[in-house]
Each structure stands twice: as structure tokens, then as C-alpha cells.
Amino acid sequence: MNAKSWRARTKRDLIIEVWEALDCESVGAHELEQIQHALVGKFGAGASESPAAIARVVADEGAALRHPEVFEFDVKWRRGELAKTSFGDGLDFSDLSSAFASVVKLEERRLRLGTENVRSQKSEVRSQEQRLSKELRVAVAAARDDCLLRARSQIFDSQQREQAKEVSEWLRVWLQSPELFSDWLDLRRRSPEYRAKFPEDNED
């Protein structure tokens, strides 16, 4: 499939055009990957879309999705995107214990960036710190998307889905009010509701 041969002028139209050209009975990882390649080939690297976003478009057009395969491919893709950032290293939000250790690391990185930004007198250094702060937020947003997908997936059991939903809420609060996050999380983990829902999560 030559990128130059596609007639579509928008990403959505290209997704549909490539799906129709594939002439497949159902859509899974292989088909989504081919559509991703076509998007990048036609519009450039910045035009890449997540497998879940592509799947929603073709499903709206009547495509039958191989749901477990689509989900697993999307999770793998998101984790790969997160790993490309310097802030993706060592972060794991797969369960409550790992998520707690990861948000501690997030706070350390956020506070370090804030301190370095205040101390810097050079505009180019401040600009770099602001870029890194934005990159950190992008990494957290990607991790939250991953949690939300797991919370909705029937591949995981009910307890795993509840944990993913809980961690997604942690990350939502972090994104909205990072300066209040530590106090909020401490109160949240001490609350009777949390203790009843997650008795296995022993506070450090």
C-alpha cells in the first residue's frame, strides 16, 4: 500500500479508506498496525493514532472488532509510547502497590522540575524545564488512559478492574491539582471506603 495512492485528506477518512482496502472480515492488531503505518506514511509521524482510536472509527463504520486483540495491542502501544519519554522509566500502574510507588516517583520528579525551574535564571534553561514538565504530564495522561482501558476491559477480573479505576482517579487528581495530590492521596488511602474496598493495600 503506497501512501501516495491514498485519496483521503483527513486522518479519519484515511482510516476508513485503508480499512476498506484491507477488505477484512474483522479488525485486530494486524489491521490496526497497517492503518497506523498508512497514517504516518501519508501525514507524518505526528499523525499516529492509538489503536483504540482507530478501532472506534472503523467500528462506527460497521467493522467487527476482535476486542481482546484490539485491547492488548492498544495497551502495548500506549506502554511503548510512555517508554519513549524519559519519565516513563520505572513507572508501573498495573496494581495499587506498584502505582503507589510510581506516584511517589512522579512527585519527586515534579518537585525537582519545579525547584530547578525556579532557580534557573536563563530563559533557555527555563524553557527546557517547562518542556520537561509538559512531557511529564503527557506521560501521566498516557498512563491514565491505560488504566481507564483496563478498568473497562472484561479481560481482567473485577478486582483488577477496580484497582485500575482507582489508579486512574489518582492520576486524574494529579493532573488537575498536582500541588494538592500528596495530601489528597494520603486522605484517600486512609478513608473507610478505600480500606473496605482494598483491604489488601497495606499502607507503608
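Quick notes on this structure:
- Calculated P(r) tail over 14 Å for the stretch 3-83, as whole % of Cα pairs: 58 percent
- Residue 65 long-range amide H proximity, modeled H, under 5 Å: 27
- The stretch 3-83 - charge dipole about Cα centre, Lys and Arg +1 at Cβ, Asp and Glu -1, debye rounded to 20: 400 debye
- The string of couplings for the stretch 173-178 from the Karplus curve (6.51, -1.76, 1.60, θ = phi - 60°) is 5, 4, 5, 7, 9, x Hz, one whole number per residue in order, with x for Gly and Pro.
- Taken one residue at a time, the phi angles of the stretch 105-112 give Karplus couplings (6.51, -1.76, 1.60, θ = phi - 60°) of 5, 4, 5, 4, 5, 5, 5, 5 Hz. Gly and Pro are set to x.
- Each residue of the stretch 34-48 was assigned a 3J(HN,Hα) from its phi angle through the Karplus curve 6.51 cos²θ - 1.76 cosθ + 1.60 (θ = phi - 60°); the sequence is 5, 5, 4, 4, 5, 4, 5, x, 7, 10, x, 4, x, 8, 4 Hz, with glycine and proline shown as x.
- Subtracting the Cα-Cα distance of residue 23 and residue 194 from 0.36 nm times their residue separation leaves 56.7 nm of extension gain.
- Stretching the chain fully between residue 162 and residue 5 yields a gain of 51.9 nm (0.36 nm per residue, less the alpha carbon separation).
No lab work stands behind these numbers, since they all come straight from the coordinates. Because the structure is a prediction, the values reported are computed rather than measured. Neighbour counts are summed over all protein chains in view; Cβ atoms, including those assigned to glycine, are modelled from backbone coordinates with ideal geometry.
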